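Have a look at the structure below, then the notes.
Just so you know, all these numbers are worked out from the coordinates, no wet-lab data involved. Remember, it's a predicted structure, so these values are computed and weren't measured experimentally. Ideal geometry is used to build each Cβ from the backbone, glycine not excepted, and the neighbour counts take in all protein chains shown.
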Amino acid sequence: MKKLALYVCMALYISLTACEDDYTNEGIFNLSQTEFKDLSHEGEELSIEITAYDGWVATSQVDWCKLSDTEGRGESILRITVSPNIEQDRTGIIELRTQRETRTISISQKALPAGSELHYKLPIVIHVIYDDPSDPRQNPDGKYLQDVIAGVNRAYKGIGENSSNMNLEFVPATTDPQGNLMTEPGIDRVQWVSSTMEMTDVMFSNERKYNHFLWDPNEYVNVLLYTFDTSTDPTMGNVMGVSTFPYSPSSNPMEGTETVPYSHLKLENLKFAYCVSINNIYVTSANYLFPEFGELDAQQLSIQNTLTHELGHYLGLRHVFSESEQLACADTDYCDDTKSYNKTEYEYTLSDLAEQWQNDPSFRTEENFKKAFQRTCCDNSTFEAHNIMDYAYCYSDEFTAEQRMRVRHVLEYSPLIPGPKKGRAANTRVAEGTIDLPVTVMCAPQKAR
């Protein structure tokens, strides 16, 4: 009995002590820092240590300060992501409340200096849609996909002798829309009923059938990797990729894009899948028409080249060759410094080259291989194909200065593109619910049929 009484007394003591500790901690509300001054225009991630045993709730009063959490208890860390600033100096407030009091965190940020240009960092996520996890085409290795993104970035930095540096970077996303760290940055693996889908349905359906694959386009560039269905149209096997084309707000239009009366759109406004689609049958590189020239020949069908090209469409670039329905040779890409040509005429020339190559071993020389990269311009001059927005055969290592200007316009003004935008304060019209928007889809390089 004495031992039982002793145990009861000890338990009661511990309980009372714990209650006393809880009571002692009640009302404690400490923040490690309450003011951040003159942050860089490039944006930063801030960390606040919070002690609040009553629990806390946080609210950002500005959209350029995003919170990692909106509530917590005890000892915790709140991370605040401050977006880049390309307009004017600004100040924002983060409010934190407990049951007993309210405190604020003040954040001031400098604007991009006059005459400077922001290096845009666009989070990218490749949604790998597969049904057989062991199939390397459906479910490719993570390092392979990371290498593809790295190759895309080299192209946008300017790998060709005459290429413009686009001053942007596709950064593999590190967190998902719920704020969870991704085990494979930039890769979202989705096991689905089938890896095969009808590309035209994915890209043009206005019934939100495929939007569940997408993450917020304002925060991520979405790339869907799947098999293009050929059951109803066998030529779909020749299509390597497609992309939606961006919008321009009516307050800052850009020639060659559809204009919308909104400076900001959200995923919930879209009836269709706003994304890039890549055909996974080209994941494993294969030689094309001139296999004796190995890597440069296989490069024409590479996923890396295709994604680089497709992201050009996603950022407002059209094909450099003539796409006029009336004229065989016309300048239709809104860039005077790209050379246009008659693509149909070139395809006949390429077909003749390939036929000679196959039938005559003596024809298989480097000199004749290089003829595949030659074009006849609309003014009858000849040139070597280097532009990334061309089709095979092409060295695919060049963007021009005017192409760069178009991309910068899209980055700075277009809705549904990650990164800070200009002019939103002057255009405050907000879209509500799903809305009807024109759908423009551009096609990536196609394999010869």
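List of remarks:
- Contact order relative to length of segment 25-109, as percent, for alpha carbon pairs under 8 angstrom and 6 or more apart: 35
- Counting every other Cβ atom within 10 Å of each residue's Cβ, Tyr413, Tyr144, Tyr393, Tyr334 order from fewest to most as Tyr144, Tyr334, Tyr413, Tyr393.
- Counted charge near Asp397, where neighbours are those whose Cβ lies closer than 12 Å (Asp, Glu -1; Lys, Arg +1): -2
- Between segment 156-200 and segment 276-308, the C-alpha centres lie 18 angstrom from each other.
- Peptides ranked, highest mean first, by Cβ atoms within 10 Å: ranges 96-103, 245-252: 245-252, 96-103
- Qualifying lysines (Cα of each under 30 Å from Cα of Lys157; at least 8 residues distant if same chain): Lys66, Lys110, Lys121, Lys143, Lys266, Lys339, Lys343, Lys370, Lys371, Lys421, Lys422, Lys447
- Sequence-distant aspartates and glutamates (8 or more away, or on other chains) whose Cα lies within less than 14 Å of Lys271: Asp201, Glu207, Asp216, Glu432, Asp436
- Base-10 log of normalised Debye intensity for the chain (one unit scatterer per alpha-carbon) at q = 0.09, 0.10, 0.11 Å⁻¹: -0.68, -0.80, -0.93
- Environment charge of Asn222, counting only residues whose C-beta is closer than 11 Å and scoring Lys/Arg +1, Asp/Glu -1: -3
- Helices in the chain, meaning DSSP H runs of at least 4 residues, each add -39500 (n - 2.57). Divided by all residues, the mean residue ellipticity at 222 nm is -7000 deg cm²/dmol.
- Taking a Cβ cut-off of under 9 Å around Gln138, the surrounding Lys, Arg, Asp and Glu residues balance to a net charge of -2, with basic ones at +1 and acidic ones at -1.
- Average projection area in nm² (convex hull over Cα atoms of segment 25-109, one quarter of hull surface): 4.8
- Spacing of the two label points (7 Å from each Cα toward its C-beta) at Asn153 and Ser251, in nm: 3.3
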